[in-house]
1. Quick check: is even one residue across segment 226-239 among the small types (Gly, Ala, Ser) and in a loop (DSSP other than H, G, I, E, B)?
2. Are any residues in segment 579-595 assigned to a loop (DSSP other than H, G, I, E, B), in contact (Cβ under 8 Å) with a residue 40 or more places away in the chain and out of contact with any Gly (no Cβ under 8 Å at 6 or more places or on another chain), and if so, which ones?
3. Could you tell me which of the residues Leu107, Leu78 is modelled with pLDDT under 90 and either out of contact with any Leu (no Cβ under 7 Å at 6 or more places or on another chain) or closer than 24 Å to Ser54 by Cα (or both)?
4. Take Asp311 and tell me if it is farther than 30 Å from Phe235 by Cα and touching a helix residue (DSSP H, G or I) at 6+ places or on another chain (Cβ under 8 Å).
5. What pairs come out if I take residues in segment 89-102 that are over 15 Å from Arg64 (Cα atoms) and pair them with residues that are modelled with pLDDT under 90 and among the β-branched types (Val, Ile, Thr) whose C-beta lies under 7 Å away, six or more apart or interchain?
6. Out of everything in segment 282-321 that is acidic (Asp, Glu) and farther than 25 Å from Phe341 by Cβ, what residue ends up being nearest to the chain's Cα centre (by Cα)?
7. Which condition does Arg377 not pass, out of (1) of a type in the set (Lys, Arg); (2) within 27 Å of Arg407 (Cα to Cα); (3) in contact with a Gly (Cβ under 6 Å, 6 or more places away or on another chain), if it passes all the others?
8. For residues that are aliphatic (A, V, I, L, M) and assigned to a loop (DSSP other than H, G, I, E, B), scanning just segment 49-81, find the one that is surrounded by the most Cβ atoms within 10 Å (Cβ to Cβ).
Amino acid sequence: MKKDRTPAGEKSNPDHLPELRAKEIELQNTILQLRESQKKLEASHNTYAFLYDSAPVGYVTFDRGGVIRSINQTGEALLEHHFDDLVQQQFERFIAVEDRSVFSDFLRDVFTGHHKETCRVQLIHPDQRQLYVRIEAKVTEQGNECLAVLVDITEKKQAEQALAQSEYNLAKAQAMTHVGSWSFEPATSKVVASSELLRILRLSADQVTQENFASVVHPDDHNTVIGHLQRGIEFGRNYEIEHRLRFETGEERWVYSIVEPQINHFGRVLKLYGTTQDITARKRAEVELRDKTNELQAIFDSIGDAILVYDQNSRVQHHNFVSRRLIPIASQIGRHCAELFHRGSVTDPVNCPVERAIRGKRIDSSLTMTLLDKNLRYLDVTTTPIIDAHEGRHRALVFLRDISEKRMQELHLVQTEKLSSIGVLATGIAHEINNPLSSIAGFAEALERRFRDELSGAEDPRLDIFPPYLKIISTEVYRCKDIINHLLSFGRKSEGISLYVDINQILLEVMELLKYHALYRHTRVEKKLQVDLPRIKADPSGLRQVCMNLLINAYQSLEEGGKVEVSTRTASEETIEMVISDNGCGMSEDIIDRIWEPFYTTKEVGSGTGLGLAITYNIIKKHGGNIFLNSRLGEGSEFIVRLPLPYRQTNRPSISCD
């Protein structure tokens, strides 16, 4: 009989029984799942325990004091002690005496560095057999223990010792055959030298002393040589050194020495062994090679194209100065060709010129890219394979020629040709229009004369409107002819002939032509032209182009209702000045610095070619003049053109011609 679990004082509610039953079933399922998980965990634990004990290396856990906390069966076998005899024991007890300090330093580095550390020590073996292990350990996340791996390296250690002895003996034999060998005992200052070394030092057998050896060292290298020798004795370290010898005849030679110390168990240097080779010929070759390398690098850097050398792995190996300026990031040593030729993909064997050159193909291609200055650049790319004879593999030599200016000139030349064609067409149309306008003007004047001569005083009131209408027709026709004449004058091809011209007249012609344009009708123009301004000898068409460019530049900088001021004056006995100023938007310093560059424009794409001011500058320079710009952002600009007089004139006052 089940006990009633309803709390005291409360009656059982039959409506809650299904809910309680469902919860009971859910709890039972949870218990079953937990039991199943526990079984799997125990199985996994047994598996890892088996792997832990059966591993081919020893696993040991140390605390900060080097006490063994746990060890697997392989570790027990290496130390040849049972688990119970090892746990809670100092590991140093099982290490050879001479290596215990090595283990202490190693354990300290493990707990202080929190990185994996490695050391090699000799273990104490019951039968006196040599046993060496490599210990690799790393501290746990808690920081109070470290996990270590013991690897038996006895056979490897013995093989290394045997190999080292064999290599040392072989090296000594070769050194004594081909280079001089020597030894030095710091305790007794005893020096032993081979006959080859005595020949190199030009000493006799009875001169084998430390002092005589030091006497042939070059005075400038003496302190360096003695310093290396003393440090080798003090610290017991191998070292290599190159230095010069100087003999009584004044001849100098270069030698290269390798020094190895013999150290006892206490770290004391018993003897220094050295080999010394005469490397004079090699040093001379190095100097020549260095000079040749510097010469080639200078040639390399003087080439106007960017040059890159890619290695067999498609990475930059060498570059010249131009490449560092043109593509500073992609030309850095070690950069992959993908950064320049196929960004976004690791390799592109079909289209990448570097990868194709490494496969032995010469490639001519082109590249369009945007550099750090945000300007679009056009590059011609020539890639040639470099065959490395000693490896039989290819590298890639890449030439990058910046043709951006040439390309832009070609594009603008096409545009200029279009504009020139339109100009020729407009001139032809102007000629065609001029003829019928002349006819219209002639007939209008004829009708006006006939009306005046024959119909004046007629009583018909309908005829009263004819005279003013004919007058308007005649006036407007002549105004159209005047506009066309100005257009023809401006579009007339320059023959490069210098004539005596009046700059005032040219300015008035250009302003007259521009005033009919809808964009310039609401611009207020003030003229202060000097009366009797001296004539200058110049190309009229060129000056018309200068005036047109400067006036258009001034007009376009204005908002509606802006003002342009045009003035001329005699600046000195040798020059006259033309000044065109406006109260428009002005220019910032960075724009002023580039305003004379060809194809540089601040206008929107399609609104200008960027050639106007560059052409203006060149025309003025061809006339022997100068042009200056004063401008401030938001306040306006002032262009001052100075042109030379063909002969000296006296200054005249400025007179307003408004």
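1. yes
2. Met587, Ser588, listed by residue number.
3. None of the others qualify; the one that does is Leu78.
4. no
5. Filtered contacts from segment 89-102: Phe94/Ile124; Ile95/Ile124; Ala96/Ile124.
6. Glu295
7. (3) is the only condition that Arg377 fails.
8. Restricting to residues being aliphatic (A, V, I, L, M) and assigned to a loop (DSSP other than H, G, I, E, B), the top hit is Val57.
The values are calculated or read from the model by the stated rules, or taken from the named source; none is laboratory data. Since the model is a prediction, treat every value here as computed from it, not as a measurement. Note that each Cβ is placed from the backbone with ideal geometry, even for glycine, and that neighbours are counted across all protein chains shown.
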